[in-house]
Each structure stands twice: as structure tokens, then as C-alpha cells.
Amino acid sequence: MEQRGPWKKLKEEERYATPWISVSHHDIIDPSGREGIYGVVHFKNLAVGIIPLDEDGNTWIVGQYRYPIKAYSWEIIEGGGSREQPPLESARRELREEAGIEAARWTEVLRMDLSNSASDEVAIIFVAQGLTFHEPEPDHNEELALRKLPFSEVVSMVMRGELRDSLTVAGVLKVDRMISEGAIALQK
């Protein structure tokens, strides 16, 4: 038996696995003392999100069809990264692949648990500045559209509910606040 805070895990069994996730079934005793079950989705990678900002206050968002929600989504540049390497390495790779952008300056702005009632997925969001531009190099299974917009317009899109991706909403609102407080400066 494993104690997890007020919960007790009696048994764990992996029920499904892919290269990206695994799903396990847990027999547990809940905080009230009752026996029950819990399903946990384990993400094998970290989620990384990147908000590139140029000196004029512009950023880039990526559009793509998201299979699980059966809809097209506009969002910040994001992807997965191995838990075995520094998150910044994964962020640098994703920014180059999806947008063709490299950055001289990086600031980590947010770490968050994406759905902690059912999964252990962790996201880390960065701001990238001091940008240089190249051709994007998306993965073979990505069909991406790229848009350059004023960051203030992206904030408005979040506030209007047009951008709904969790990394996008949290990252954009945090960066907007950091800019207004002077914690992130647009630099020439």
C-alpha cells in the first residue's frame, strides 16, 4: 500500500500505453476511508509553450486541426519535450520547427498542471525575444498555419473567447500582466 496524502493506493495496473501517454487503473482508499478506483493519465513528455515577442510588440500564433476536440485551433507555439532534457531545449526546438524563429533571450513565465484531477501533465511557458527568422520545419504529421499579430490583439482574442487552448489562455494573460508590470520589456 502506498500513501498519497490522504489517499491510499492499494494496486496500480497500466491499461493502455502509446509513445506519448499511459493510462493506469488504481484501486484506492479515498480520504473518507471508502474503497474505490482512480484512473490516471501519465504524460511521458512535458508540454512547452512559447510566446515570441518582437521589439514592435508582435507575436505569432499557430493554427491547426486538433483531433481530440474535432476543431481547428489557433494557439501559441507549443509542443512536447522529453522529461530527460531541459524544457528550454524543447522550447527552442518547437519555436524553430513551427515558426522558423530562433531567439536570443528566453524568460520562463509560467509552470502549470493542465488537468491535475486526471493527469500528471505539466506545462512550462516561455517568452522568446531577440528574434531571427528562418523557414519553419514542422513535423511530418503537422499541417500548420502561422499568423503574425500584435500581442495586444492576441490578448483581445483570448478575452473574446476566440483562443481557448489552455496554454494559450494562461500564457497570454500572464505575459500581458508581466508586460503591464514592467517584468517583461519590449527591447530594440
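Listing for the model above:
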| item | result |
| --- | --- |
| Helix-only [θ]222 nm of the chain, DSSP H runs n ≥ 4, -39500 (n - 2.57) each, per residue, nearest 500 | -6000 deg cm²/dmol |
| Fewest-first sequence of Thr107, Thr18, Thr168 by Cβ atoms within 10 Å of each Cβ | Thr18, Thr107, Thr168 |
| Inter-site label distance for Lys8 and Gln64 at 7 Å from Cα along Cβ, in nm | 4.5 nm |
| Three-way shape call for region 97-188 based on the alpha-carbon gyration tensor, with the a/c threshold at 1.5 | rounded |
| Convex hull per residue volume in Å³, alpha carbons only, for region 2-43 | 60 Å³ |
| Sparse-neighbourhood loop sites, GluC sites (Glu not before Pro) in region 65-151 - DSSP loop, at most 14 other Cβ within 10 angstrom | Glu84, Glu142, Glu143 |
| Only Lys, Arg (+1) and Asp, Glu (-1) charged, at Cβ; the chain dipole about Cα centre in debye | 460 debye |
| Contour excess over end-to-end distance, with Cα ends at Gln85 and Arg147 and 0.36 nm allotted per residue | 19.4 nm |
| Total formal charge among the other residues, if their Cβ is under 15 angstrom from that of His26, Lys/Arg +1 and Asp/Glu -1 | -2 |
| Trypsin sites (Lys or Arg not before Pro) within region 10-51, DSSP loop, no more than 16 other Cβ atoms inside 10 Å | Arg34, Lys44 |
| Normalised contact order of the chain, rounded percent, pairs of Cα under 8 Å and 6 or more residues apart | 21 percent |
| Ranked list, fewest to most other Cβ atoms within 10 Å of each Cβ, for Asp56, Asp165 | Asp56, Asp165 |
| Coordinate range along principal axes, alpha carbons of region 1-93, Å, largest first | 58, 31, 27 |
| Zone of Glu162's modelled label, taken as backbone nitrogen in region 63-79 under 19 Å from a point 7 Å along Cα→Cβ | 63-66, 71-77 |
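Every number here is computed from the coordinates shown, using simple stated rules; none is lab data. All figures in this text were calculated on a predicted structure; none of them were measured in a lab. Note: ideal-geometry Cβ built from the backbone for every residue, glycine included; neighbour counts use all protein chains shown.
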